[in-house]
Structure formats: C-alpha cells, structure tokens
Amino acid sequence: MLLGGSTAYISYYYIREQAMRFASEIAKEKIQSVINLQKPAFSVSSHITSDSNMLDTVFADSENSFINEIKINALIENSLAHYFSLDGLSSISLILNEGRSYSLSIEVEMADIDWLEFQHQLTECPSFSESQLCWPGIQNNINSKSQHKKVIPAIKKVYRLNEQSMQEEHIGYLYMAFSTLSYRKMLKQESDDDLPLLVLDQNNQVIFYDRSELTGHTVPSNLLPKQNDLPYKTNIDGQAFYLVGHASKISGWRFLILVPEQQILQGMYQTLTIAGALTLLSLVSILFAWLNVRRRVLKPLQQLSMAMRDTAPSRSSYRENQHQLKEIHTLFYWYNKYVDIVEHRDKQAEQLRAAYDELTHTQEQLIESEKMAALGKLVAGVAHEINTPLGVSLTSLSYSQGLHQTLQEQFSNETLKRSDLENFLERSQQGVDIAINNLNRASELVKTFKKVASDQHVEELRRFSLADYLANTVTSLAPKLKQQNVVIKWTCDENIMLESYPGLLWQVFSNLVMNSLIHGYEHKEKGTISIQVETLDDWLKIIYQDDGCGMSDEVRNSIFLPFYTTKRHTGGTGLGMHIVYNMISQKLQGSISCESQLGQGTTFEITLPLNAKH
C-alpha cells in the first residue's frame, strides 16, 4: 500500500508538472506567432516616419496641397509595397500638429478625420517614446467615412529635424487602423478549442477571445498570472484553467493561452490508471516470486546451513542421505572444493609474501651497494685529483730545499755574493708560491670531498644554496669527466635556496653524469653536459641535457625500470636510473621525465619542491 500510494503521488505530481510544462511550451509558441503579427506594423511605421522625402514633401512650399497629398500618398504606398504581411490594414494617416492630415484608405478616396476621437485615443497613450508604437486597443475609427466603425489603431510619433535649431521636433503622428474583423480572423487561426487564446490591452480589456461578446470587457487582475511564462491556475465561468501569459514588447498587450485543467487531469488519470495496474501486477509478481524463492532457495539454504553447523568439526563427515536434497549435496561438495582452494591460495600467498620480502631486502642491499660504489668512485677520483697538486708541491719544496742548501754552503765558505742571495730569494719565492697554490687546491678538494661525503652519509633535511652545491658536485665529478674529455656547463641563480636532502641530490647528479659517461659518450671523444636551473612559483625545474648518442624509444621507455640495463655484459646492474627515479619521486618529493632520440642526445627534466616536507 505504501509503495502504491507513493507511486501514485509521484506519478500525479510528475505528470502534472510535465503536462503543465508541455502546455507552457505550446503556449509560448502560439503567443510568439501572434506577437509576430505585429512586427510588420512596427517595421513599416519606422520606415515611413524616417522617410525624409515624405517629410520634405509635407513641408514643401507649394500652394497646391492636392498635389502634395498625391505625392505623400504615393510615398506611403511605396513604403507599404515592401511589406506583404500587413493583413487587416484598413487605412493609414499622417496627422500633423498644425491640423493638416494625409490619409491613404483602402475603402474611400477621402478621409474625414474625427479630431476629438483622435485626441481621445492619444490620451490612451499617455507616454510613449519616439521608437515605440502605441496600441490603445479596440477604438472607434477616426475616419467617419470608413465602413469599419471599430478598429485596432497603432500610433507612432513623427519627428523632423529643425534646420534652425538643429534639433528633432515633434511634428505629428502616424496613425494605422487595422480592421477588427481581419485581426480577429488572424487571431482565431492561432486559437483552437483545446487551447483558447485571450488577448488583453494595457488596461486588461479584452481585445480577443473565442466568445466575442466579452470583447471590450475588463478582466480582474486577480484572475491573471502575476509573472510571464509561468502557469497560473484560475477559475473562469466556474471552470478551472491554467493561464500561461506573455507580454508583447511591441504593443504592450498580454497574450494568454488558457489550458483547461480537465485536459491535463484527463491524461494524468489515464496514466495513473495504467501505473496503478502495473503496480498491482508488480506486487502480485513479487509475491509469487517470493513464495517461489522461499520454497526453492531459502529452505534448501537453511537446511544446508544446519548441515554445515552440525558437521563443523569435519566437513567430510556429512552424510549424503541426511536431507535427500540433490541441490544441497552438490552445493556442499563445491563448498568443500572452494575451502580447499582458499586454503591452497592462502599458502601460496604466504609464500609469495615471503619471496617479496626477500626480494625487497635484496633490492635494498643492491641499492645500498650502488650508493657505496658511487662513493668509492668519488674517493678514487678525489685521491687521483689530490695526487697531482701534492706531487707538484713536493717537487717545488724539494727544489726550494736544494736552493737553501746551496745558499748555506756559500754562506759557510764565505763565497756568498749579493747576486746569489737575490737569485735565491726570487727562486725560493716562486717555489713557495707554487707549493702554496697546489696545497690550497688540494685543501679545497678535501673540503669538497668531506662535504659531499658527509651529505652522502647523513640523509637529513637542511637548507642550502643550490648554486654552491652544484659547484661542489661538479668539482667532485671532475676526475671522471676529464678521463672522457666531457665538460659540464651549468647555470643557476645564486639566490636559489633549496630545503631538501643534499646527499640524495648529489647521488642523483652523480648517477645522471655516470649514465651519460657510460652510455652517451662511450664512442665519442668529447662532449658537453648542460644543467639549467629555474624556478616556477614554489617549484624548482632542472633540465639535464647531454649531447651523447641518445637512445631508442624502447630503451627510453624502460630506463627507470629496476635491473634494466644495456651493459649487463660489462657488469651493469640496471639500478642507477631506478635509484634516481625512486629518490626523486619518494624522498625528494618530485618527478623526473626523459626525452631522447638516437644521435640527438638525452634530456632529463626534473621538478622538485623548493621546500621539501619531512
């Protein structure tokens, strides 16, 4: 009952809303087609009132007013010839403020203007601008000779440029009279028995309705919709209607479509009857299905549950003839199979977890070995680099020692001359300078090595100058670069301060450089590696680029995979770039991408946050 009642209410509300919306859409279309009937009147009035030839003819200095009237009528006829949809136009007049008038009538040659009636109709248009048409509704015809006693006038003000004051001045009115019979015929075509049309003027007086005796009567405001395009329920002659109205911007009239409530309810009742029948049929079907499921499914499952509970200690102890239910026997058999499969998969999962843990531990050991290998290469390179300045310093000091012994002998033998002393001082100073310069160089190398080695050993988050760190990194990698005649050119703003892990960053640059030396410059005599650093808001963008041999798409797509290497026959582990990817994406909280083509070098684009999080 609750389902049926809810369905009926929802259906009632939904169908009612859809019907009203549908009626509203139809009403809008009909109303717009009616409004379109008045558009040609507005167009022709604007055309005539802006015709400078006609206005000049009206005010021409001519004594023969009859000729002027013929000219003006001809000009008006010429303007009307451009508009074929002015159905129902019975006469059109140009009425000047000074008392003259020019009329073009469909029925009579001469027009007799009723000035009092014309003034009365102007009072129905208290304020309308130059660009507006005034439609005062159904009025008496100001042309007393016309057979149409009642007409629908459209009035527009006429302005002319005053050549003395150079301002527009109001000179009169253009008066168009439409036959009420013709207009009613046109509106009748837009109205039908199902959706009657109601047309009201600005004062809510009836201009058109199916019942012609209501024409001219005033409709109370409480019976009309308060807003345009929204259905409004009202009672007319004891019958309920939904009114959908729209106001014309051209005439100010209101056009309303009357939708009988019974018409909406009739379709709704039919739909509700069908919905109720379908609901009842659904309830019967659900009840039948429930009884069938209970007999064929629920009871056997209940018996199976009791059997499984009774035989919980041993699934194989179930007696086949206990319930005499074939479906339960089959289900119980497959249940046992399922339990065996689950237990087997659990054992396999445990084995896989153990293998995965062992593989992870092995990978960590390989990664740590790779780090230590990189540090060992750094030590060997720095030792080789320090050996040269220390050897030069030792040679220079040995030479200075020989000079000192020679000076000592000359002093002891009293053969020392001024020139010998000057020669000793000059050469001894050169040797000391050479030794000091090379010892300073060795000292800087040791400091750089200590800083890099310390950062490599202790992975802690600290703030440092990226430019200084790049300089130290390039210095520490100089021995390897010299062996293959490769130069690193880097650009970095000295004001960039990075809060990150310097040891990991050195490892990244070291692996990238070694990857370029091993793979990119294997068959090249020299090369250049460029490192460009720039900031983007709170991010750091590093572009590492070499001009080596490049790589194929297959290698580029696999370069960050663990244990992938093209140098396995020469001892490559395939972990160098995998370590770089893991360090950047995890600890350094950034990203790295690779672009490369054979013969055109390789580019790595690294994005890091300026302030890494713990």
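Counting only the backbone N, which residues of region 593-614 are under 12 Å from the spot 7 Å out from the Cα of I543 toward its beta-carbon? What the label zone holds, given the 12 Å backbone N cut-off, is 603-606.
Here region 159-232 and region 589-603 have alpha carbon centers that stand 76 Å from each other. In the structure shown, the pairs K39/K249; K482/K524; K28/K156; K39/K149 are assessed against 20 Å; a Cα-Cα span above that value is assigned to K28/K156; K39/K149.
Full extension of the chain between K489 and N423 gives 19.4 nm of extra length, using 0.36 nm per residue less the Cα-Cα distance. With the simple model of a label 7 Å out from the Cα in the direction of the Cβ, E499 to R463 spans 0.7 nm.
Grab the beta carbon distance between D346 and S558, set R0 = 51 Å, and tell me the FRET efficiency rounded to 0.05. If you can, show how the numbers build up before the last one.
Working: r = 34 Å, r/R0 = 0.68.
After rounding to 0.05, the efficiency reads 0.90.
Evaluate E = 1/(1 + (r/R0)^6) for I10 and S285, where r is the Cβ-Cβ distance and R0 equals 22 Å; express this FRET efficiency to the nearest 0.05. The formula returns an efficiency of 0.65 here. Normalising the Debye intensity of region 459-614 to I(0), with uniform scatterers on Cα atoms only, and taking log10 at q = 0.08, 0.12, 0.14, 0.21 Å⁻¹ returns -0.22, -0.50, -0.68, -1.51.
Starting from 0.36 nm per residue, how many nanometres of slack lie between S46 and Q239 once their C-alpha separation is accounted for?
On the way: separation 193, 0.36 × 193 = 69.48 nm, distance 4.31 nm.
In short, 65.2 nm is gained.
Note on Q586 and Q262: their simple-model spin labels are 8.2 nm apart, each label 7 Å out from Cα toward Cβ. When the alpha carbon gyration tensor of region 114-185 is reduced to an equivalent ellipsoid, its three semi-axes come out at 27, 13, 11 angstrom, largest first. A Förster radius of 41 Å, combined with the Cβ-Cβ distance separating L96 from I26, puts the computed FRET efficiency at roughly 0.35. Counting 0.36 nm for each residue step from Q147 to N222 and taking away their Cα separation leaves a gain of 23.3 nm.
Values in this text are rule-based calculations from the coordinates and carry no lab data. No experiment lies behind these values; they were computed from the predicted model shown. Backbone-built Cβ (ideal geometry, glycine too); neighbour counts: all protein chains shown.
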